Structures are given as structure tokens and as C-alpha cells.
1. Can you list residues from other chains, or at least 5 along the same chain, whose modelled amide H is less than 5 Å from the amide H of residue 238?
2. Once fully extended, how much extra length lies between residue 63 and residue 117, figured as 0.36 nm per residue of separation less the alpha-carbon to alpha-carbon distance?
3. Estimate the FRET efficiency between residue 142 and residue 251 by the formula 1/(1 + (r/R0)^6), using the beta-carbon distance for r and 30 Å for R0, to the nearest 0.05.
4. Pulled fully out, how much extra length does the chain show between residue 38 and residue 219, if you take 0.36 nm times their separation in residues and subtract their Cα-Cα distance?
5. I want to verify a result. In a Gaussian network model of the chain, Cα cutoff 10 Å, which of these has the top mean-square fluctuation: 25, 137, 149?
6. Straight-line reach only, C-alpha to C-alpha below 16 angstrom: list the aspartates and glutamates that residue 85 could link to, leaving out same-chain residues fewer than 8 apart.
7. Could you state the number of Å between the C-alpha centres of segment 1-59 and segment 113-186?
8. Which far-off residues, 5 or more places away or on another chain, put their amide H under 5 Å from the one on residue 164, with H placed in the peptide plane?
Amino acid sequence: MSSVEIKSPDEIALMREAGRIVCEILDELEKAVAPGVTTWELDALAEKLIYEKGAKPAFKGYLGFPCCLCASINDEVVHGIPSKKRKLVEGDLMKLDFGVVYRGFFGDSARTVPVGKVGQEAQALIDATRESLQKGIAASVAGNRIGDIGHAVQSYVEARGYSVAEGFTGHGIGRKLHEQPDVPNVGEPGSGMKLRPGMVLAIEPMVNMGTSEVALLEDDWTAVTLDHKLSAHFEHTVLITAHGPEVLTRRS
Ligand code: MG
Ligand code: MG
């Protein structure tokens, strides 16, 4: 009954390439983040690098999204649209969510980057969100279940007084950007689909400083925290293997 794809070794080889490209471009985007830079300029850099590397944008045109990069700042949780009017300011939390398609296969990854120096509370949120992703990855072991990933993320986040943003999940990934299964950032241990070698999952905790509730802006894309407190986001594309998780969007 499972419609989750098990990737072949050839497909996995291409997904490693796609993941490497995503990582390399995110490294460049991260270096470019600075006060005074617009999110439009970051998107233009992303687009240039995508084609230089022989890939194509994963997000541009996806359900009508206009850009290559999702650029969400501060209380924006995900799916912020790059804009010439949006200049980064010292102390901002910049979320770079980025994907490519390379020879038919997708890679997807996100990072939260401080703009200049951010406050202690903001830095603690970034660190906890990054670590919650590591907890989720560590639970991505063949024989475990989807709920074990969500539980690992949720328990880490909530123990620190943060909340998991409502309404968004990670996802399977491969020939499509979003495949089965959903990978929630909350869950019960031992629940949900069993993880098997060859599955590839995008695990992506979105963690809020205050309420878990999220609202959609009038652009129909940008999700913001209902209380306008900060949110952070990290994501990796992760292959389940017989020998533990392999992160495809990280430098090897
Ligand atoms: Mg993403
Ligand atoms: Mg994703």
C-alpha cells in the first residue's frame, strides 16, 4: 500500500549530485547574506549559480512560485518571496530555503543565517533548530518509523520552550520535489510508516520562539508566526541506508 519510492543505486547517485549542488549554492548564498543586500539579489545569485552548475530551479514555477529561492525573514516562517524592496538589516534572521533539479532529481535544503550579529535569544533559537534537525536525522534509521523522526524533533524543541510551526511538514523527495510520505516535525515514537533503505526524505523543522500558530500573508505564499515572534528553519535531504542516514545536502 506504500506509495513511497525506493530509489535505485543509479537514482541515488544522481540525488547525491543534486544534493551537492544545493549545498554548494547555499554556501555561496550564505556568504552573500549581509546588511543592505536585498532578497532579490540573493535570488538572482541563486539563479545564476543553478545554471552554471548545469541544474534547474526546483521552486521557480512550482505551483506558481515566482523565484528560485524562498527568502523568509524574522517572523516569516517559510515561503517568503524575494523582493527588490526587502533589504536585510543587521540582526535579522534570514532563512534560505533552496532546491534544484539535476538530471531529473531534486535536492532541497534550508538554513537560517544571522545577518551580522543577532541577539542572544535569536542565536539560541537558530542553534536549537539546527540541533533539532540533527535529532531528526539521527532517528532516520531503517526499521524506525516516520513518527520517530517527528518525536525526536518535537521533544528536543519543546524541552527548550519553543514550538514546532503548525501546518508544515517535511516530505519524500526524488523525481518530484514533494513525494510521499509527509515527514511531520511532531509525532509519537513507533508510529507511522516504517523507514526502509533507499527512501529519501527532506526533513525540515520550522521552530517558533512563541506560538506554534502561523498565518498566511496576502501574497498567498509567505507564512508568518501569528504572534510575530521569530522563527527558524533548517532542512536536509536525507537518504535512508542499511548503515544509517546519509545527508545528501551536506559536504561529505
Ligand atoms: Mg526546502
Ligand atoms: Mg522541503
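The values are calculated or read from the model by the stated rules, or taken from the named source; none is laboratory data. What you are looking at is a predicted structure, and each value in this text was computed from that prediction instead of being measured. Here Cβ is always computed from backbone atoms with ideal geometry, including for glycine, and neighbour counts include all displayed protein chains. For accessibility, only protein heavy atoms count, side chains too; no ligands or nucleic acids. Shrake-Rupley method; radii C 1.70, N 1.55, O 1.52, S 1.80 Å.
1. 201, 202, 203, 248
2. Using 0.36 nm per residue and subtracting the Cα-Cα distance, I get 15.9 nm.
3. My answer for the efficiency is 0.80.
4. In short, 63.3 nm is gained.
5. 25
6. Cross-link targets: 41, 43, 76, 219.
7. 19 Å
8. 208
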